[in-house]
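This report refers to the structure that appears directly beneath it.
The values are calculated or read from the model by the stated rules, or taken from the named source; none is laboratory data. Bear in mind the structure is a predicted one, so any value in this text is a computation, not a measurement. All Cβ positions, glycine included, derive from the backbone under ideal geometry; neighbour counts span all protein chains shown. Heads up: the accessible areas ignore ligands, DNA and RNA and are worked out on the full protein's heavy atoms, side chains in. Shrake-Rupley method; radii C 1.70, N 1.55, O 1.52, S 1.80 Å.
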Amino acid sequence: TVVFENATSTKCGQGSAATGPFYCPADSQIYIDLSFFRELRDRFGAPGDFAQAYVIAHEYGHHVQNLLGINAEVQRLTQQDPARANDLSVRLELQADCLAGVWGHTALAEGELSEGDLEEALAAAESIGDDRIQETTTGRIDPESWTHGSSDQRAKWFRVGFDTGDPANCNTFDIDEL
């Protein structure tokens, strides 16, 4: 994990505060710009340590996807059919949300969570859904341009992982309705 402020170089190009936290499969690194957590709290209204933990766990979910070959398969499918790019991106992101929930389930089982932690994570997931971000920034919602999923979808898939603790339940690619 690389923690930075403002900007940093990665094998995936320049990382900046504008991109928010991200995972770079080319170097298997998670990049966290600390200013994002202030933005999560102030702009998106999702404060709390577990809101931040959800974001980090989501990025680790991408690392798991990379290790399992899911990222490579999504890239292959996107190249074969570019019209599916957004749908595949949303499915990849929602799966990472679900894997973050699996981690949360484990943290709960180990007694690491406090009262209100689940609500913090769900508030964070909902606050950074594509619909909420689009409505806030442009005043309109365009599902065809989504890359991460709606607020409801993000919270739903985090909850699936959290409630079951089973990564097998995180297969967002084999279902029709997300």
Just the residues that are open to solvent by 60 Å² or more (accessible area, probe 1.4 Å), part of a helix (DSSP H, G or I) and either more than 23 Å from residue 84 (Cβ to Cβ) or not basic (Lys, Arg) (or both), please, taken from the range 137-163.
137, 138, 143, 144, 152, 159, 163
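Residues are listed down the side, and each one gets a yes or a no for (1) under 13 Å from the mean Cα position of the chain (by Cα); (2) under 22 Å from residue 129 (Cβ atoms); (3) hydroxyl-bearing (Ser, Thr, Tyr):
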| position | (1), (2), (3) |
| --- | --- |
| 13 | no, no, no |
| 19 | yes, yes, yes |
| 29 | no, no, no |
| 39 | no, yes, no |
| 42 | no, yes, no |
| 45 | no, yes, no |
Please work out which one of (1) assigned to a helix (DSSP H, G or I); (2) open to solvent by 60 Å² or more (accessible area, probe 1.4 Å); (3) hydroxyl-bearing (Ser, Thr, Tyr) is the condition residue 114 fails and give its number.
(1)
Select from the range 1-41 the residues that are surrounded by fewer than 14 Cβ atoms within 10 Å (Cβ to Cβ), without any contact (Cβ under 8 Å) to a residue 12 or more places away in the chain and not small (Gly, Ala, Ser) and list them in ascending order.
14, 38
Sort out which residues of the range 119-129 are within 25 Å of residue 168 (Cα to Cα) and buried (at least 19 other Cβ atoms within 10 Å of the Cβ), and write them in order of number.
120, 121, 122, 123, 124, 125, 126, 128, 129
For residues in the range 164-178 being among the hydrophobic types (A, V, I, L, M, F, W, C) and farther than 19 Å from residue 106 by Cβ, which is least open to solvent (accessible area, probe 1.4 Å)?
178
Pick from the range 73-106, criterion over 13 Å from residue 172 (Cα atoms) and touching a residue at least 12 places away in the same chain (Cβ under 8 Å), ranking: surrounded by the most Cβ atoms within 10 Å (Cβ to Cβ):
101
Within the range 13-55, the count of residues that are in contact with a Pro (Cβ under 7 Å, 6 or more places away or on another chain) and in a helix (DSSP H, G or I) comes to 3
